[in-house]
Amino acid sequence: MKASINNYESAAAYIAELPRFTKKHSLEHTEEFLRRLGNPAVDRKIIHVAGTNGKGSVCAFLQAVLTAEGAQVGFFTSPHLISVNERIRRNNIPISDEMFLEVFGQVLPAAKEMEEEGRGHPSYFEFLFGMGMKAFSKMDVEYIILETGLGGRLDATNAVKRPLLSVITSVSLDHTEILGDTIAQIAREKAGIIKPGVPVFYDGSNKEASEVIRSTALERGAPCREISNHAFEIREVTRKYIAFSRRNAYDKYVTYKVPICGCYQAMNAEIALEAAEYLLGERGIHGEESFREKRRQEAIASVRWEGRMEQAAPHLIVDGAHNPGAVEAFAESVKALGGKGQGGGIVIVFSAVSDKQYEQMIECLCRNLDVKAYVVTEIEDVRRVPAEELCRVFRKYTNQTVVCETDIGEALRRAEILRDGEGDIYCLGSLYLVGMVKKWLKGGSGHA
């Protein structure tokens, strides 16, 4: 790897090469890395978020509400869809290329020093996490929202010892070869972010996961708040938004609109609202409640979270669902919209990586949705599942048309032909696929 790096492109290329030269390290390794960086930003108000699905959306809603209240908010998230800068944000705006290069230059010497001492160069995720914390320190943010990368207990972000709040979103089967093959095992890994005495708010939808989270919180003396489906009521589901009301004394007559057409987003928004209420303390003096409600309604309605039931082009929706739980939630949302899209049967474009439970995802799609045709493609990653293998699995579960197109452009063109002027095209199965579709649209005609 290059020793002298003096522009953004070479810095981004250096980081992109790291997976080839490094491996996952212990949490102590990340702690030592942060120490050499001066433990940047660890004194800020940190919210640590883990979960299988929904954690990125919860983070996005939470930062929107905090920003609406006048706070400066740092947000570390993953993965990125197009630019690596997307992972480090201030008030949900990715850092500039100039800021990226500046903090890269401050982090690289510590990484090189550790490598030269035989401790091992920080991994791709560790390096970016160090850059994020350094950037947040420079930008002097008040709050920092940290989204875990994988699991929780051993995730690099868990090197932060004293967050202000821990949040755990929905738990389902994913990364089973690393985190365990049962809900309870995976929940234990997610619950690894719970710190002694630090409150934890969590999605209580899954009974088995909830029991693990509650018992872990009890062991660590951490106050916990379960947020169930009874905390809100969905009022309306449209192609442009989900409307819901909250079942509490303050907001029961207030309607919130989430501008993402996934039913599961009501739970994510509710978790974010309850977390924000805790972080911001008691409501304002009498008479201010209605103004605060209005600000929060506007904040939730303003969220644009790429790759989550996002309309990327006319009749083309991209969704990052990449595990069985997320695909099941996707299917429920499509059914709530009428099940067939706008004007006719839907067409699904699908791809996946080999370490995901792609057969279960495919079975869920075929079992739960009325689909006109499936177009199978391949992502640009060494872990990609060959399109022919995915086609074989689809044909086990459906008698509908299944088409194999390894090139993303050809796959989208074929989907448009199969749509035949009716219905919608949904692309899902991998966030890599979402990024590829968005890049193709940006560099192509802009239409599927």
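Considering every Cα-Cα pair within the chain, what fraction, in whole percent, is farther apart than 27 Å?
Of all Cα-Cα distances in the chain, 54 percent exceed 27 Å.
Fully extended, how many nm does the chain gain between residue 142 and residue 91 (0.36 nm per residue separation, minus their Cα-Cα distance)?
17.3 nm
Between residue 400 and residue 116, what is the FRET efficiency for a Förster distance of 45 Å, r being their Cβ-Cβ separation, to the nearest 0.05?
Taking R0 as 45 Å, the efficiency between residue 400 and residue 116 is 0.20.
Would you please put 182-195, 235-248 in order of how densely packed they are, using the mean number of other Cβ atoms within 10 angstrom per residue and starting with the highest?
Averaged packing, sorted descending, gives the order 182-195, 235-248.
Given labels modelled 7 Å from the Cα in the Cβ direction, how far is it in nm from residue 235 to residue 31?
Here the modelled spin labels are 4.8 nm apart.
Would you work out which of 39, 108, 412 lies farthest towards the positive end of the dipole of the chain, given +1 charges on the beta-carbon of Lys and Arg and -1 on that of Asp and Glu, about the Cα centre?
39
Charges at C-beta only: +1 for Lys and Arg, -1 for Asp and Glu. How large is the resulting dipole of the chain about its Cα centre, in Debye rounded to 20?
It works out to roughly 560 debye.
Determine one quarter of the surface area of the Cα convex hull of the stretch 50-89, which equals its mean projected area, and express it in nm² to one decimal.
So the mean shadow area of the Cα hull is 3.0 nm².
Rank-order 259-265, 88-94 by packing density, defined as the average count of other C-beta atoms within 10 Å over each peptide's residues, highest first.
Final packing ranking: 259-265, 88-94.
Normalized C-alpha radius of gyration of the stretch 1-116, against 2.2 N^0.38 Å?
Cα-based Rg divided by the globular estimate yields 1.16.
Once the piece of chain linking residue 370 and residue 407 is laid out straight, how much longer is it, given 0.36 nm per residue of separation minus the C-alpha distance between them?
Here the segment from residue 370 to residue 407 would lengthen by 10.8 nm.
Using a 7 Å offset from the Cα along the Cα-to-Cβ direction at both residue 439 and residue 294, what is the distance between the two label points in nm, to one decimal?
Each label point lies 7 Å from its Cα, and together they span 4.5 nm.
In the P(r) worked out for the stretch 8-227, what percent of Cα pairs fall beyond 27 Å?
In whole percent, the share of Cα-Cα pairs in the stretch 8-227 beyond 27 Å is 30.
Using a/c under 1.5 as the rounded threshold, could you call the stretch 303-448 rounded, prolate or oblate? The axes a ≥ b ≥ c are square roots of the C-alpha gyration tensor eigenvalues, and prolate needs a/b larger than b/c, oblate otherwise.
Rounded, since a/c falls under 1.5.
Cβ neighbours within 10 Å, averaged per peptide: list 376-382, 269-275 in order, most packed at the top.
Top of the packing list down: 269-275, 376-382.
Starting from 0.36 nm per residue, how many nanometres of slack lie between residue 162 and residue 354 once their C-alpha separation is accounted for?
Answer, rounded to one decimal: 65.5 nm.
Report, in deg cm²/dmol and to the nearest 500, the calculated mean residue ellipticity at 222 nm for the chain, where each DSSP H run with n ≥ 4 adds -39500 (n - 2.57) and the sum is divided by the residue count.
-13500 deg cm²/dmol
Read-outs throughout are calculated quantities, based only on the coordinates presented, and are distinct from any laboratory measurement. Model, not experiment: these values are computed from the prediction. When we count neighbours, we look across all protein chains shown, and the Cβ atoms used for this are built from the backbone with ideal geometry, even at glycine.
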